[in-house]
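Nothing in this text is a laboratory measurement; each read-out follows from the coordinates by a stated rule. In this text, all values refer to a predicted model and were calculated from it rather than measured experimentally. With ideal geometry, Cβ positions are generated from the backbone for all residues, glycine too; neighbour counts draw on all protein chains shown.
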Amino acid sequence: MSKIDTLHPLIREEVSRLVAHVNNNILKSDVQMIVTCGLRTFDEQTKLFNQKPKVTNAKAGQSIHNYGLAFDFCLIKGGKTIWDVKSDFDADKVPDWMEVVKVFKDAGYKWGGDFRSIYDAPHFEKTFGYTWQNLLKLKQDGKTENGYIIF
């Protein structure tokens, strides 16, 4: 199953379409965007939270990933993952990473590189105005279908 297929049904098709648009129209053919993480279960979040060295401050239920409304990405070039936000492979004077960011921000996604509390350059999320606290309450109240929050 692709990482996109784990996303909440409200964003799954849009993310798929935007990734295809980026890969077919924005990036050079030898550079591609891939989704590296989509839905993260509460158990996966707990393991990540407990990992040393520390990689997240979010406990289970506190990450937008836990609701399938967030995903992480990277670029791939020549089979190698690229996490560099400054590389400009197409030499258009705009870093390729930031070209991806613009596409998703224009579509209403929040970018982790803009977060005040933590810099999370690979992260995008669309919460429809909900906080993790709101989402957790909906989950606890059983407002789910097929494991996803019902809005």
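Amide H contacts of Arg40 (H built 1.01 Å from N, in plane; Pro and chain starts excluded): Asn66, Tyr67, Gly68 sit under 5 Å, all sequence-distant by 5 or more or on other chains. For the set Lys3/Lys102; Lys47/Lys80; Lys52/Lys143; Lys47/Lys77; Lys59/Lys86; Lys102/Lys126, the pairs lying more than 24 angstrom apart at their alpha carbons are Lys47/Lys80; Lys52/Lys143; Lys47/Lys77; Lys59/Lys86.
Can you tell me the FRET efficiency between Thr41 and Ser87 if r is taken as the Cβ-Cβ distance and R0 is 41 Å, rounded to the nearest 0.05? Approximately 0.80, to the nearest 0.05. Charging the Cβ of each Asp and Glu at -1 and of each Lys and Arg at +1, and nothing else, the dipole of the range 22-151 about its Cα centre rounds to 480 debye.
For the range 95-151, a crude dipole built from +1 on the beta carbon of Lys and Arg and -1 on the beta carbon of Asp and Glu, taken about the Cα centre, is about 260 debye to the nearest 20. For Asp88, the amide hydrogen comes within under 5 Å of the amide hydrogens of Asp96, counting only partners 5 or more places away or on other chains and with H modelled in the peptide plane.
Within the listed set Phe124, Phe71, Phe115, the Gaussian network model of the chain (springs between alpha-carbon atoms below 10 Å) gives the highest mean-square fluctuation for Phe115. Excluding residues on the same chain fewer than 8 positions from Lys139, give the aspartates and glutamates whose Cα lies under 16 Å from its Cα. Partners within reach: Asp43. Remark: the range 67-77, residue by residue, has Karplus-estimated 3J(HN,Hα) of 10, x, 9, 9, 8, 10, 9, 8, 9, 10, 9 Hz, where x stands for each Gly or Pro and the curve is 6.51 cos²θ - 1.76 cosθ + 1.60 at θ = phi - 60°. Other residues lying with their Cβ under 13 Å from the Cβ of Val94 contribute a combined charge of -1, Lys and Arg counting +1, Asp and Glu -1. Extension gain, His21 to Arg116: 0.36 nm times the residue separation minus the Cα-Cα distance gives 31.3 nm.
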